[in-house]
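First comes the structure, then the notes that go with it.
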Amino acid sequence: MSNYSANEIHLINRPAGMPSAADVEMVQRELTPPAAGQVLIKNLYMSVDPYMRGRMRENAVYADAYQLNKAMYGGAIGEVIESQSDKVKIGDI
């Protein structure tokens, strides 16, 4: 079993106006080790952009809506901390 866990930000309410802390929840979960051909990446920087607000609506216009009680997602830069791939090595960005 892996010694790693992840903090995920889940959308728990669809904001009526400006999003607030009451609309999201931080959820920690244990990660499984990478399988053959997979890697585990530690996020170094996450992009938080205005377009993400539109995805919080139930009927997002230009991209799929975030699902309630699921991890929100976006662009990120990360470092490989475990690798089971011949193409990617630990330390790769």
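What are the residues in region 44-69 that are surrounded by fewer than 12 Cβ atoms within 10 Å (Cβ to Cβ) and at pLDDT 95 or above, if any?
Selection gives LEU44, TYR45, GLN67, ASN69.
Conditions: (1) at pLDDT 95 or above; (2) of a type in the set (D, E, K, R); (3) closer than 17 Å to ILE12 by Cα. ASP86 meets all but one. Number of the miss?
(3)
Any chance region 70-78 includes a residue that's among the small types (Gly, Ala, Ser), surrounded by 10 or more Cβ atoms within 10 Å (Cβ to Cβ), at negative phi and in contact (Cβ under 8 Å) with a residue 40 or more places away in the chain?
yes
Given the criterion touching a Pro at 6+ places or on another chain (Cβ under 9 Å), charged (D, E, K, R) and in a loop (DSSP other than H, G, I, E, B), identify the matching residue among ARG57, ARG14.
Of the residues listed, the single one that is touching a Pro at 6+ places or on another chain (Cβ under 9 Å), charged (D, E, K, R) and in a loop (DSSP other than H, G, I, E, B) is ARG57.
Does any residue of region 73-87 turn out to be among the aliphatic types (A, V, I, L, M) and part of a loop (DSSP other than H, G, I, E, B)?
No, every residue in region 73-87 fails to be among the aliphatic types (A, V, I, L, M) and part of a loop (DSSP other than H, G, I, E, B).
Identify, by number, the condition in (1) farther than 30 Å from SER85 by Cβ; (2) in a strand (DSSP E or B) that TYR62 doesn't meet.
Among (1) farther than 30 Å from SER85 by Cβ; (2) in a strand (DSSP E or B), TYR62 violates only (2).
Count, please, the residues in region 17-54 that happen to be in a loop (DSSP other than H, G, I, E, B), among the β-branched types (Val, Ile, Thr) and in contact (Cβ under 8 Å) with a residue 40 or more places away in the chain.
Counting residues in region 17-54 that are in a loop (DSSP other than H, G, I, E, B), among the β-branched types (Val, Ile, Thr) and in contact (Cβ under 8 Å) with a residue 40 or more places away in the chain gives 0.
Filter region 3-16 down to the residues that are over 19 Å from GLY91 (Cα atoms) and either free of Cβ contacts under 8 Å to residues at least 40 places away in the same chain or not charged (D, E, K, R) (or both) and list them by number.
Once the filter is applied, which keeps residues that are over 19 Å from GLY91 (Cα atoms) and either free of Cβ contacts under 8 Å to residues at least 40 places away in the same chain or not charged (D, E, K, R) (or both), region 3-16 yields ASN7, ILE9, HIS10, LEU11, ILE12, ASN13, PRO15, ALA16.
The values are calculated or read from the model by the stated rules, or taken from the named source; none is laboratory data. Bear in mind that the values here come from a model prediction, so they are computed numbers and not experimental data. Methodologically, a virtual Cβ is constructed for each residue, glycine included, from the backbone with ideal geometry; neighbour enumeration extends over all protein chains shown.
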